[in-house]
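Everything below concerns the one structure shown next.
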Amino acid sequence: MSTRSFLFLLGSSRSDGNTRTLARLAAEQLPPGTEQRWLDLRDFPLPDFEDRRHSEGHNAPTGHAATLLEATLAATDVVVASPLYWYAVSTSTKRYLDHWSGWLEVPGADFQQRMAGKTLWGVTALADDDPEVAEPLVGTLRNSAHYLGMRWGGVLLGNGSKPGDVLSDTGATARAKDFFN
């Protein structure tokens, strides 16, 4: 039985997209017994983040934000699966990451200390043959990991536009087989 616990956060605006397909393919390679929790951010909508650090401060989150905070803290490995939208993460993914700023300030959450040592991964599909166009997305995730003292696992990139296209990207499907090792 594995002691790792993976949280897959799905940030696509469609349910059958290439990013989800690629993430599932990579997850299939995890050792048996590895805990996996899959949360589609469309099912846990967050309000726009309001920075209150210098005014009334941040209280413990409620509702969807509380669910996402608990799931994030419970995982050893956080996988952000967001398609490349306009050279960055999707809106729902960015909103989730923005809420990390508030969680840093929640009394008793110890968010930064509890995130340190976890591993942050990314999975994305892009409709461009040049992987360099994904660098803003990669940088967002990599820098977020470094800021919190997390290990950086990297980003699994796949090419595809229409649902299912990523399965024709033989390089991505091969990389998925050992991405989480």
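The values are calculated or read from the model by the stated rules, or taken from the named source; none is laboratory data. Being a predicted model, the structure only gives us computed values, none of them experimental. FYI the Cβ positions are ideal-geometry reconstructions off the backbone, even for glycines, and counts take in every protein chain you see. These area figures cover heavy atoms from the full protein model, side chains too; ligands, DNA and RNA do not enter into them. Shrake-Rupley method; radii C 1.70, N 1.55, O 1.52, S 1.80 Å.
Some points to look at:
- Residue match in segment 99-113 (condition: surrounded by 19 or more Cβ atoms within 10 Å (Cβ to Cβ) and touching a strand residue (DSSP E or B) at 6+ places or on another chain (Cβ under 9 Å)): no
- Candidates D130, D165, D178, D169, filtered to the one that is out of contact with any Leu (no Cβ under 9 Å at 6 or more places or on another chain) and surrounded by 16 or more Cβ atoms within 10 Å (Cβ to Cβ): D165
- Just one of the listed residues (G122, G117) is farther than 20 Å from E50 by Cβ, assigned to a strand (DSSP E or B) and of a type outside the set (V, I, T), namely G122.
- Spans of strands (runs of 3 or more DSSP E) in segment 1-110 with at least 2 residues on the phi < 0 side of the Ramachandran plot and without any contact (Cβ under 8 Å) to a residue 60 or more places away in the chain: 35-40
- Any hit, segment 148-157, residues being farther than 21 Å from L30 by Cα and either open to solvent by 50 Å² or more (accessible area, probe 1.4 Å) or under 13 Å from the mean Cα position of the chain (by Cα) (or both): no
- Number of the exception - S82 against (1) farther than 30 Å from S161 by Cα; (2) under 14 Å from the mean Cα position of the chain (by Cα); (3) surrounded by 21 or more Cβ atoms within 10 Å (Cβ to Cβ): (1)
- Search result, residues across segment 127-173 that are in contact with a Phe, Trp or Tyr (Cβ under 9 Å, 6 or more places away or on another chain) and part of a strand (DSSP E or B): W152, G153, G154, V155, L156
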